[in-house]
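S.K.: Dropping a structure here in structure tokens format, bear with me for questions.
What follows draws every value from the coordinates through simple rules; no lab data is involved. Bear in mind that the values here come from a model prediction, so they are computed numbers and not experimental data. Here the Cβ is made from the backbone with ideal geometry for all residues, glycine too, and neighbour counts use every protein chain on show.
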Amino acid sequence: MTEPEYDLAIVGAGIVGVSCALWAQMRGLRVLLLDQNPPGSGASYGNACTVATYACVPVNSPSILTSLPSLLLSKESPLGVDWLYALKNLPWMIAFLRNCSVARVERITDDLGGLLSYADSGLDPLIREAGAEDLMVANDCLYVYSSANSYRAATAGNEARRRNGVSFDVLAPTEIKTLEPALKMPIHKGLLFRGARHVSDPQALVERFHTRFVSQGGAWRQSRVLRTMSGDIGVNIGLEDGTELLARKAVIAAGAHAKAIDGSGVSDIPLDTERGHHVMFKDHGHLLSRPVGWADAGFYATPMAAGLRIAGTVELAGLEKPRSPRRIAYLTRKSHEMFGDLGAPDEDWLGFRPTLPDALPVIGHSPQSDDILYAFGHQHIGLTLGGITGRIIADLAQERKPNEDISAFDPKRFVRR
Ligand SMILES: Cc1cc2nc3c(=O)[nH]c(=O)nc-3n(C[C@H](O)[C@H](O)[C@H](O)COP(=O)(O)OP(=O)(O)OC[C@H]3O[C@@H](n4cnc5c(N)ncnc54)[C@H](O)[C@@H]3O)c2cc1C
């Protein structure tokens, strides 16, 4: 019988997969990383760049049913829904709503808060290992609320942040304008998350991790994985070009596309996508000194190496439809409200956040086989949680118990129900 050539094969080279690869390599495992696309070119490319260790409050909210009509009917809404898609995916929508009760949202917030409290300890060793310190900017992060209503609506969530150890200052409009004088939208109040960092180019961060991984002998293959099948001596990995590979264990880190991998068991997991868009204004990066999340508008404006990125909003419309001109027009219009006339964007983009209806990632053993590990579903905070997910996966691959309590992220939670 052939011995597996690799200890661990990882499917997907986004921030999650590459972090798993580098952590596992640092622990001495022989690792193969696979992706048909360049590293960091999926959701990890176009996000809002924040290392959002304060972002434990999920999109699920007890007020969703009362706010839904205005969110859906208003032209100025950060939420878009393709009704045909929603009807076809009714079980997911119902499961999402079930996770909007006060008790569930509190539980989810605490579970996310627990994992986020380890985020830096998972990310920083990778940054050091890859020499990527120059891509990190430590200048806090700001949330802005334009009205008393939107600030009030966030009260429970902000109290839950404090309960989870997140510290922030509440700022008055004058204080916010002193920090960020270019802001022109109405300002009621803001929150300043002290110590928060952002990345000046998230794809470059993934590329740095990847370069380090390859330079230290990690195997990299640019190919789509069709299948992962658990057998007697490990996991068979079937590639699009017909090649079959063998590894002791495999990790599914294919983000929102994980369901398409046969034999992995992911098709039984209610993984869907929250689509997000961005627009870039390449000559306007100087307008801000830190990321500013405009709560009412559902996006961040982030100063990057390549300009000003306006990234966010949520669209429920699946993986197949192209980018939405309506969402892009919304982001452009709101950018002009935020900063004045910026002209036309230089780039627009659509990305697929991998999301479970309970807003918790799936990190752990596949319900079908202990040799297949899952690492996906990090919704709005995958850039932040990629590093710690990588460390947990390295523990599981070595059959060690992680320090963190990962019971809430167990893939089997969906099988039990
Ligand atoms: C608009 C927007 C703003 C965001 N802002 C933030 C933020 O500020 N902070 C934050 O922490 N998070 C943010 N996020 C979320 C974050 O970007 C994602 O959670 C994260 O990128 C997910 O990483 P991933 O590695 O799981 O997925 P991806 O980056 O999508 O990577 C998955 C990879 O798997 C590969 N793949 C898929 N199928 C296969 C296959 N069959 N075979 C081989 N490879 C395969 C894909 O090609 C892809 O490269 C944002 C997301 C969006 C859309």
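S.K.: Show which lysines lie in cross-link reach of Lys184 when reach means a straight Cα distance below 27 angstrom and same-chain residues fewer than eight apart are skipped.
M.R.: Within reach: Lys75, Lys282, Lys334.
S.K.: Once fully extended, how much extra length lies between Lys282 and Gln398, figured as 0.36 nm per residue of separation less the alpha-carbon to alpha-carbon distance? Don't skip to the answer; put the middle values down first.
M.R.: Numbers: separation 116, 0.36 × 116 = 41.76 nm, distance 4.42 nm.
Stretched fully, the Lys282-Gln398 segment lengthens by 37.3 nm.
S.K.: Rounded to the nearest 0.05, what FRET efficiency is calculated for Arg27 and Lys321 with R0 set to 25 Å and r the Cβ-Cβ distance?
M.R.: 0.05
S.K.: For the pair Val214/Asp134, report the inter-label distance in nm, with labels modelled 7 Å from Cα in the Cβ direction.
M.R.: Inter-label distance under the simple model: 1.9 nm.
S.K.: Using the crude model of +1 on Lys and Arg Cβ and -1 on Asp and Glu Cβ, and no other charge, please compute the dipole size for segment 166-314 relative to its Cα centre, in debye to 20.
M.R.: Working: 17 positive and 15 negative charges, 90 e Å.
Value, rounded to 20: 440 debye.
S.K.: Right, next: Using alpha carbons only, how many angstrom separate the centre of segment 263-277 from the centre of segment 147-170?
M.R.: Answer, in whole Å: 30.
S.K.: Let me ask something additional. Taking θ = phi - 60°, what integer Hz values does the Karplus form 6.51 cos²θ - 1.76 cosθ + 1.60 yield along segment 177-190, in sequence order, with x for Gly and Pro?
M.R.: 3J(HN,Hα) across segment 177-190, in whole Hz: 5, 5, 6, 9, x, 6, 5, 10, 6, x, 10, 9, 7, x.
S.K.: Measure nothing fancy, just the Cα-based angle from helix 64-73's long axis to the longest principal axis of the chain, in degrees from 0 to 90, nearest 10.
M.R.: The angle comes out near 70 degrees.
S.K.: Taking every DSSP beta bridge with both residues inside the chain, roughly what % is antiparallel (nearest 5)?
M.R.: On the way: 51 of 73 bridges.
About 70 percent, rounded to the nearest 5.
S.K.: Something else: With a cut-off of at most 14 other beta carbons within 10 Å, and DSSP calling the residue loop, which GluC sites (Glu not before Pro) in segment 247-322 qualify? Please list them. Could the numbers behind the result be given before it?
M.R.: Numbers: sites: Glu274, Glu315, Glu320; in loops: Glu320.
Here the sparse-neighbourhood loop sites are Glu320.
S.K.: May I ask which residue of Val105, Gly122, Trp83 lies farthest towards the positive end of the charge dipole of segment 83-136, with charges of +1 (Lys, Arg) and -1 (Asp, Glu) on Cβ and the Cα centre as origin?
M.R.: The residue sitting farthest along the positive end of the dipole is Trp83.
S.K.: Taking every pair of distinct Cα atoms and averaging 1/r, then inverting, what Kirkwood hydrodynamic radius in Å comes out for segment 68-113? Spell out each step's value before the answer.
M.R.: On the way: mean 1/r = 0.0808 Å⁻¹.
Evaluated on segment 68-113, it is 12.4 Å.
S.K.: Using 0.36 nm times the number of residues separating Arg107 and Ala182, minus their current alpha carbon distance, what extension gain do you get? Let's see the in-between values first.
M.R.: Details: separation 75, 0.36 × 75 = 27.00 nm, distance 3.79 nm.
Here the answer is 23.2 nm.
S.K.: On to the next question. Across bins of 5 angstrom width beginning at 0, how are the C-alpha pair distances of segment 232-342 distributed, in whole percent?
M.R.: 2, 10, 16, 15, 11, 10, 10, 9, 8, 6, 2, 0, 0
S.K.: Over all Cα pairs of segment 20-61, how is the pair count split among 5 Å bins, expressed in % and running from 0 up to the last occupied bin?
M.R.: Computed distribution, short to long bins: 5, 15, 14, 16, 19, 16, 10, 3, 0.
S.K.: What is the spread of the Cα atoms of segment 168-232 along each of their three principal axes, largest first, in whole Å?
M.R.: 63, 28, 21
S.K.: Taking 0.36 nm per residue of sequence separation and subtracting the Cα-Cα distance, how much length would be gained by fully extending the chain between Ser70 and Glu3, in nm to one decimal? Kindly include the intermediate steps, with their values, before the conclusion.
M.R.: Working: separation 67, 0.36 × 67 = 24.12 nm, distance 5.90 nm.
Computed gain between Ser70 and Glu3 is 18.2 nm.
S.K.: Shifting gears a bit: At q = 0.07, 0.09, 0.12 Å⁻¹, what is the log10 ratio I(q)/I(0) for the chain, with the Debye formula run over Cα points and no solvent?
M.R.: So the normalised log intensities are -0.31, -0.52, -0.94.
S.K.: Can you tell me which lysines have their Cα less than 24 Å from the Cα of Lys401? Leave out same-chain residues fewer than eight positions away.
M.R.: Partners found: Lys249, Lys412.
S.K.: Place a +1 charge on the Cβ of each Lys and Arg in segment 90-135 and a -1 charge on the Cβ of each Asp and Glu, then give the dipole magnitude about the Cα centre in debye, rounded to the nearest 20. Show your work: numbers first, answer last.
M.R.: Values: 4 positive and 8 negative charges, 98 e Å.
So the magnitude is around 480 debye.
S.K.: Another question, then. Label points 7 Å out from Cα along the Cβ direction at Ser289 and Asn37: separation in nm?
M.R.: If labels sit at Ser289 and Asn37, their model points lie 3.5 nm apart.
S.K.: In degrees between 0 and 90, to the nearest 10, how far off the longest principal axis of the chain does helix 325-339 point, with axes built from Cα atoms?
M.R.: It is inclined by approximately 50 degrees.
S.K.: At q = 0.12 Å⁻¹, what log₁₀ I(q)/I(0) does segment 305-402 have when each alpha carbon counts as one equal point scatterer in the Debye sum?
M.R.: Per q value, in the given order, log10 I(q)/I(0) is -0.58.
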